[in-house]
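Data block below; observations after.
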Amino acid sequence: MAIHLELVNFDQLIAQLKKTPIILNDLRYYSETERTNLMKQFLTEYSSDRISTLPQCDCGYLVGEYTIGQTCPTCNTTVINESEFEIEPHFWLRNPIGVSKLINPTVWYILKQKFKRGAFNFIRYFTDDKVPEPNRPIKILEQIKELNIPRNYNSFVENFHIYLNMLISSSDFRNRGLEDILKLLEMYPDCIFSEYIPIPHRDMLVIEKVKHLSYMDATSQYAISAFNLMAGIDKKLADRSLYIRMDRTVKAIDMIAEYYAIYSKVYLSPKEGIFRHHIFSNRTHFSFRAVISSLTEPHRYNEIHIPWGVAIGVFKIHILNKLEKLGMGHNEAIGFINRCINELNPIMEKILDDLIDESKDKQIPFILVRNPSLLMGSVHLLYITKVIKNIHDNTIKLPILLTGFYNADFDGDEMNGLVLIDVLLENLNYPLSSHRNIHDMSLTPYKISDHLLIPKPVISMISSWLNYDD
């Protein structure tokens with residue numbers, strides 16, 4: 001299955017933790033010493049340019065190889081090796097005494113962004129009676145107010161589906177893609193509310209101390225504020241009213257949701273973000289990328305020719321096996337492969353030709369895609385039938401009949417290829433074959449796709465043949 005985002009059932013997640021979680025509600029958080037010790041466990045602090053890889057407990061009291069397996073008397077965590085360390089939330093928030101289950105911060109953020117009119121936010125209005133009335137009357141809000149539902153968090157949870165159905169069916173929120181929200185909530189009904197929600201992991205909350213100054217990412221303040229609001233909220237010494245516990249719960253959930261939303265927007269999703277660095281733009285094994293140009297010599301519609309350097313790179317493991325069978329040592333073979341990338345060599349030429357000849361039907365299957373792959377035909381199952389022996393030609397030779405499907409031309413467009421290394425993968429990708437894309441994806445029956453480039457003389461000859469009277 002591909003990497004994808006989904007809502008998480010936090011109650012199931014906390015039950016699967018390998019380490020005993022720290023429940024924020026039950027902590028002593030009154031004296032300065034107690035707060036300092038807890039912050040050492042909650043935040044990660046660096047005071048130099050070097051990051052230590054030594055085994056240590058969460059608070060840093062126990063450090064070193066000899067402490068592995070020991071339990072820290074300060075933070076009550078066991079010292080483990082860095083290579084065995086699993087990132088899982090340490091601090092968790094439980095629904096405070098008298099407060100209903102906690103709404104998933106992701107669901108909260110989605111609803112808060114969808115259901116608003118200008119500066120007025122419906123979700124905050126339903127959960128906080130201090131939120132002022134809108135400047136102008138809103139029809140759906142007046143209808144909801146007639147239900148006389150108290151404006152607090154517990155009432156919001158109890159009447160969640162009533163609020164949601166009335167808002168979605170209202171004409172005030174037409175054409176806002178609310179069907180997707182309903183589909184999401186129907187898909188993950190057990191992930192909307194839970195007794196526990198995690199506080200962001202300490203590895204995401206970093207303080208860097210340089211001389212007498214401390215630096216912290218501004219986004220971290222949201223998580224720290226939520227921590228301060230809820231720490232020790234259920235302790236007897238706190239003795240807070242239900243109204244205050246509900247109020248703090250709403251604020252904490254909102255801060256956690258804002259933290260994740262801003263962190264995703266700034267550090268994960270943008271072009272220079274973590275997703276693009278480590279997932280989308282990371283090259284997989286047996287893949288390549290190069291500029292396309294027209295295949296002008298006689299060819300089949302589903303074959304391509306790949307450049308010399310690309311072939312050596314993508315088939316490096318196959319070439320290495322053949323060179324070792326020829327008697328070369330591993331280091332010698334690696335050096336030979338690196339030299340051949342920029343120069344023709346008869347041994348390498350024979351190996352590349354043999355790889356094609358030894359393949360099924362003397363062709364190597366692979367899929368070729370041009371990003372973004374939005375339409376049917378943006379990805380094709382094609383076959384490598386030849387390696388170009390001109391080291392100065394670094395382009396993929398593509399049949400011109402396929403350019404319509406890719407919406408491509410030969411002015412510098414680049415494409416990505418992935419070699420299918422066995423028959424199973426080829427069979428699984430057979431639906432991506434070129435001849436499976438000839439029909440148009442509109443509702444018109446039997447309509448031929450506009451991307452199918454059939455020359456007019458050919459169409460004329462076919463028409464004449466079909467109408468030929470014996």
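None of the figures in this text is laboratory data; all of them are computed from the coordinates on show. What you see is a predicted model, and the numbers here were worked out from it, not measured in a lab. Neighbour counts run over all protein chains shown; Cβ positions are idealised from the backbone, glycine included.
Couple of notes before you dig in:
- Between D413 and I292, the built amide H atoms are under 5 Å apart, and every one of these is 5 or more places off in sequence or on another chain.
- Once the chain from V423 to Y215 is taken as fully extended at 0.36 nm per residue, the excess over their C-alpha distance is 69.4 nm.
- Of N321, C340, I388, farthest towards positive along the dipole that unit charges on Lys, Arg, Asp, Glu beta carbons give region 295-437: N321
- Shown in residue order for region 56-71 are the 3J(HN,Hα) couplings computed by the Karplus curve 6.51 cos²θ - 1.76 cosθ + 1.60 at θ = phi - 60°: 7, 7, 5, 8, x, 5, 9, 9, x, 4, 5, 8, 4, x, 7, 9 Hz (x for Gly and Pro).
- Alpha-carbon centroids, region 1-47 and region 93-138: separation in whole Å: 24 Å
- When the trypsin sites (Lys or Arg not before Pro) in region 11-77 are filtered for DSSP coil states and for at most 10 other beta-carbon atoms within 10 Å of their beta-carbon, the remaining sites are K18, R50.
- Beta bridges assigned by DSSP with both partners in the chain are antiparallel in approximately 70 percent of cases.
- Computed label-point distance, nm, for sites L17 and T71 using a 7 Å Cα→Cβ extension: 1.6 nm
- When the Cα gyration tensor is reduced to axis lengths a ≥ b ≥ c, the ratio a/c is 1.5 or higher for the chain, and with a/b not above b/c it is classed as oblate.
- Convex hull of region 295-437 built on C-alpha atoms - directionally averaged projected area, nm²: 9.1 nm²
- Between the listed residues V131, F193, S52, the Cα displaced farthest toward the positive end of the dipole of the chain, a dipole computed from Cβ unit charges relative to the Cα centre, is found at V131.
- When the square roots of the Cα gyration tensor eigenvalues are ordered a ≥ b ≥ c, the ratio a/c for region 1-156 is 1.5 or more and a/b exceeds b/c, which makes its shape prolate.
- Calculated FRET efficiency for the pair D411/D129, C-beta based, R₀ 60 Å, to 0.05: 0.45
- Helix 456-466 axis versus longest C-alpha principal axis of the chain: approximately 70°, rounded to the nearest ten.
- Between 0 and 90 degrees, the angle of helix 220-230 with respect to the longest Cα principal axis of the chain falls at about 40 degrees.
- Within straight-line cross-link reach of K397, lysines at Cα separation under 20 Å, skipping those fewer than 8 residues along the same chain: K362, K386, K389
- Fewest-first ranking of T403, T284, using other Cβ atoms within 10 Å as the exposure measure: T284, T403
- Across the chain, the longest piece that holds none of the GluC sites (Glu not before Pro) lying in DSSP loops with up to 11 other C-beta atoms within 10 Å covers 147-271.
- Placing a label point 7 Å from the Cα of E208 along the Cα-to-Cβ direction, the residues of region 25-62 whose backbone N falls under 19 Å of that point are 43-53.
- Where no second cysteine Cβ lies under 4.7 Å, the cysteines concerned in the chain: C191, C340
- Segment I80..S359, full-extension length gain: 95.6 nm, with 0.36 nm per residue of separation and the alpha-carbon distance subtracted.
- Close amide H pairs (under 5 Å, H built 1.01 Å from N) link I207 with T44, E45, Y46, residues at least 5 positions away or on another chain.
- Computed from point charges on the beta carbon alone (+1 for Lys and Arg, -1 for Asp and Glu), the dipole magnitude for the chain about its Cα centre is near 1320 Debye.
- Extending 7 Å from the Cα toward the beta-carbon at both Y46 and S464 defines two label points whose distance is 7.5 nm.
- Partners of K40 within straight-line reach, counting lysines whose Cα lies under 30 Å from its Cα and excluding those fewer than 8 residues away in the same chain: K18, K19, K101, K209, K211, K235, K236, K251, K265.
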